[in-house]
Amino acid sequence: MRRREKTSSKAAESGRGAAFPAALRYALYVIVHPLDGFWDLKHEKRGSLPAALTIAALMVLSSLWRKQFTSFLFLRVDWTQINIWLEMAEVVLPLVIFCVSNWSVTTLFDGKGTMKDVFTAVGYSLTPYVLINVPLCLVSNLITSEEGGLYTFFYGLSLLWCAVLVVCAMIQTHEYTLGHTVISLLVTLVFSVIVIVLILVIICLTTDAFSYFWSVGREIVLRTY
Amino acid sequence: MKKALRTICIVLAGAFLLGSAGIRAHAVGVDQPYSFQYDYYKNALPAPSPYAVRYEIDAESLGCGYLQEASGLYVRGDLAYICDSGNDRIIVVRLGESEPSLVSVIESGSGWSLNHPTDVFVTEDGSMYIADSGNSRVLVLDRTGRMNFEVTKPDDVTFTDSMTFVPQKVAVTAGGRIFVQASGVNRGLIEFSETGGFIGYMGASNVAFNFEDYIWKLISTEAQRDQMASFVPTEYNNIAVDANGFLFVTTSSFTASRLYSGEAQPVRRLNYNGKNILIENGPSKVIGALRWDESGPSKFVDVTALDNGLYYVLDSRRNFIYGYDRQGYSLYVFGGAGNKEGYFQSPVALEHHGSDLLVLDDRRGVVSVLSVTDYGQAIYDAITYYNDGNYEESYAAWQKVLQYNGNYMLAYDGIGKIRLRWGDYEGALDYLKYANDTYYYSKAWQQYRKDWAERNLVYVIAGILILAGGAAIWRKISREKEALARYEEERKDILQGS
C-alpha cells in the first residue's frame, strides 16, 4: 500500500504516467476495483497510455492465440480461409472506432475525458479478456465436450467482465452517472455505425476520384504522344 | 515509455512474422477437378476418381439406330432397360463384363403399343411396369410380354376432367404397390394398389406457413393468388427403390434459401407413411454442391441406392454424381460437364448394377457404365466391413484409402473410431481430430485422460506435496528474514538513541 502511494505520487509530481511495469501491474488492481481504479487511473496517473496500448495489443494477440490453441471441440477454425491481418483488424478496428466515436459523443455530452483518457481506460478494460482467455485455451484442451459448459462460462465471463469494466471506465473518465453512461454508450454504438458508413463512403469516393484523375492523366499522356 | 515502445515493436514484429509465415492454402474451384470431395469446411478438395468408365452402351453399335430423347433407365439382374422415348421403344441390353449385347427391343405387343415411354420398372418375377406417358397410362406386362393390366387416370375428385394423367416415373415396392410420379401433380407420388386401383397420394411435403406469403396473399388479386399457389408445393422428379424397399425420391423445386436452412430436402427417403427418413448426420446436409456460383445449386434428377446403403445422386446442373453413405456423409463427387469419357452432356437417369453405375446421357444418346476404381473399391470395402463389424478388414481398407488420398476425412474418422474401439485411445485422438469428429474425439479423450490420471496419480500427488512443502518453507524463511531485519532496525534505533 505504501509503495503504491509512492509510485502514484511520483507519477503525479512528474506529470507523466507511471513507470511502465507499475502501470501494467496497475491493470490487476483496476479489474477488481473498477470504480476506484479508473478514478485513480485518470486523476492519480497510476496507469499510462503505453501500458493500455500494450494490453490492447495483448488482447489482439490473445484473440489470435485463442483461434490457434483452443481445442477444436469448442472452436473450429478453417485455416485455409484465415488471413491473419483481417483477424487482427477484426479486433483492432472496432476498438479504435469505438474509442474515437465515444470521445466524439462524450465531448458533445459534457464528458470530462480526453481522447487519451478514453483510449487508456478502454485499454485497461480489456485486461480480463487476456487474463482469462490465455489459460482458458490451454484448459480447453484438457476437457471433453460434455464439460464444454466450463469453457462457455469462462469465455462468457471474460466478455461480460470487460463490458462491466468499460461501463465503469466511462462513469469515471467522463464523470457520468450510470444512466448517462448507458445512454452515451448506446449513442456511441449508433455513431460507430455512422463512422463505418462514412469511412466506406470516403473509400468509395476516393477510389472514384483517383480513377478519374488517373484516366485524365492517361488521356493526356496518350494524346501528347 | 521507451520500454513500452520496444514492447509494442516486438509484438508487431511477431505478428508480422506470423502473418507472412502463414501460407494460404490454394482454394480449388468447384468446377475444376474431375473428382473432388468436400472437407469439413465445405471446401472442395481434389481427389482420385472413385469411378471410371468401363464401357458405353451405344444403340448404334448394338444395331438399333440412335437413342432419341431417352429418359428412363432401369437395371434388374444383368439386364438394363433403356427407355428410348423419342422412338417409342424400350431397349433391353445385357450388361456383359467388357461389352454390352442387345437382348430385345420392346415396342408393341398384342393389344398394346408404346407411345413415348418415360420410365420402366421390372420386378423380380419379370413383370414390367412402363410409364407410357403418350398413352396416359402405366402399362403392366408379365414376363412373356402379355399385357396384364394398365393403370390409368385415377377416378378421384383431386383429378379434374381437364387434367391429363401423364406418368413420368414409376416404381414398385415389394408388396406390389405402384408409385407413380406424374407431371403437374404436386401432392407427392400417386399410389396405386397391386391391381391398379387408386389409393391416394404419398410423401407430399408439408407446406410451411410463411408469413411473407400470407401478407402477399392478403393484398393480391384472385388471379395473382392462383398464379402464386402453383409455386408452393414440392413436385418430385424421380423415384428409386432401395434394398430395404424404401422409396428414394428427388426434387428440384425449391429455393436456395430453403436449401441453406435444410428445409428443402432435395433427396428424400420415404417410409410407408410418406415421411422422410433420410439420415443426415454429416457435417453438411444432403444437398449436392455446398458452394455454388450464379448458376445455382445442384438440381437433382435421379438417385440410386446400392445394396449396402450407399446412394448416388445425379445433378443435372453441373453433371456431377454425388455419393453418400447411409449416415449422409458425402463420400465423393465425380463426373462433370464435357465431351470426354467420364463426363456427361445432359445426364438424365442413374442406375446401379452391383457396384457399377449406369448413367443415361440423352444428348449423347449413350449409357455410360462406370465401375469402381481401386480407390473407390477401398472406400466401399471399408464402409461395408465397418457396418458388418469386421474392424480389422475395415482398418486395412481405410489405410489403403489414405495411401490414395491423404485428404480423405472419412478414412481418418474410420481409423479413429476403430482404434477407439480397440482401446488405443491415444492413437485414436489424432485421427479423430483430423476428421473433425468432436463426438468420438471427446470420448477418446475422456478415456485417455482417465488412464493418464490413473497411471500418474502418484506423481501428481507427490508434485502437489512438494510444491506445498516448498511454499511453506519459503514462507518460513522469508518470515525469519523479516524478523531479522526488524531486529536489526530496532538494534540500530537503540544504538542511535544511546
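Where a number appears in this text, it was derived from the coordinates with a stated rule and is not lab data. Given the structure is predicted, the values throughout are model-derived calculations rather than measurements. Here the Cβ positions follow ideal geometry from the backbone for every residue, glycine too, while neighbour counts run over all protein chains shown.
Under a Gaussian network description of chain A, with springs only between Cα atoms under 10 Å, the residue in A:T181, A:T144, A:T206 that fluctuates furthest is A:T206. Label-to-label distance for B:S108 and A:D110 is 10.0 nm, based on points extended 7 Å past Cα in the beta-carbon direction. Assuming charge only on the beta carbon of Lys and Arg (+1) and of Asp and Glu (-1), the dipole of chain B about its Cα centre is about 2840 debye to the nearest 20. With Cα atoms as the point set, the protein assembly as shown shows a radius of gyration and Dmax of 36.3, 141 Å.
Modelled spin-label separation between B:E489 and B:K476, with each label point placed 7 Å from Cα along the Cα-to-Cβ direction: 2.5 nm.
How much length, in nm to one decimal, is gained on full extension between B:S371 and B:T160, taken as 0.36 nm per residue of separation minus their Cα-Cα distance? Don't skip to the end; give the middle numbers.
Values: separation 211, 0.36 × 211 = 75.96 nm, distance 4.62 nm.
Computed gain between B:S371 and B:T160 is 71.3 nm.
What separates the Cα centres of segment A:43-115 and segment B:48-117 is a distance of 67 Å. Output the 0 to 90 degree angle, nearest 10, between the alpha-carbon long axis of helix A:20-32 and the longest principal axis computed from the alpha carbons of chain A. Once rounded, the angle reads 70 degrees. With R₀ fixed at 45 Å, the C-beta to C-beta distance from B:A243 to A:T80 puts the FRET efficiency at about 0.75.
Largest GNM mean-square fluctuation across A:E146, A:E175, A:E90, computed for chain A with C-alpha springs under 10 Å, falls on A:E146.
Dimensions of segment A:2-224 from C-alpha coordinates, computed as largest minus smallest value along each principal axis and given longest first, are 78, 51, 34 Å.
Membrane-span-like helices in chain B (whole DSSP H runs, Cα extent of at least 15 Å along the helix axis, mean Kyte-Doolittle hydropathy of at least -1.0): B:2-21, B:374-388, B:391-404, B:409-422, B:438-497. Which lysines, on any chain, are close to A:K112 with Cα under 28 Å apart, when same-chain ones fewer than 8 places away are left out? Excluding near neighbours in sequence, the set is A:K6, A:K10, A:K42, A:K45. Counts of other chain beta carbons within 10 angstrom of each beta carbon in peptide B:434-447 average 3.
Tell me, how many Å apart are the Cα centres for segment A:135-188 and for segment B:146-215? One Cα centre to the other: 58 Å.
Classify segment B:37-372 as rounded, prolate or oblate from the Cα gyration tensor: take a ≥ b ≥ c as the square roots of its eigenvalues, call it rounded if a/c is under 1.5, otherwise prolate when a/b beats b/c and oblate if not. Judged from the Cα gyration tensor, segment B:37-372 comes out oblate (a/c at least 1.5, b/c at or above a/b).
Each Lys and Arg adds +1 at its Cβ and each Asp and Glu adds -1 at its Cβ; summed about the Cα centre, the protein assembly as shown shows a dipole of about 4560 debye. If you run the Gaussian network model on chain A, springs between alpha carbon atoms under 10 Å, then out of A:I199, A:I171, A:I97 the most flexible one is A:I199.
Say the dipole of chain B comes from +1 at the beta carbon of Lys and Arg and -1 at that of Asp and Glu; which of B:S49, B:F36, B:V92 then lies farthest toward its positive end? After comparing all options, I get B:F36.
Taking R0 as 30 Å, what FRET efficiency do you get between B:W422 and A:F153 from their Cβ-Cβ distance, rounded to the nearest 0.05?
0.30
Note on B:E392/B:E280: beta-carbon distance plugged into 1/(1 + (r/R0)^6) with R0 of 22 Å gives a FRET efficiency of 0.15.
Mind checking the mean number of beta-carbon atoms from other chains within 10 Å of the Cβ atoms in A:76-83?
Working: counts 5, 1, 6, 5, 9, 5, 3, 3.
Mean partner-chain Cβ count within 10 Å for A:76-83: 5.
Checked against a 20 Å cut-off, the cross-linked pairs B:K42/B:K433; A:K67/B:K433; A:K67/A:K116; B:K42/B:K299 give Cα-Cα distances beyond that limit for A:K67/A:K116.
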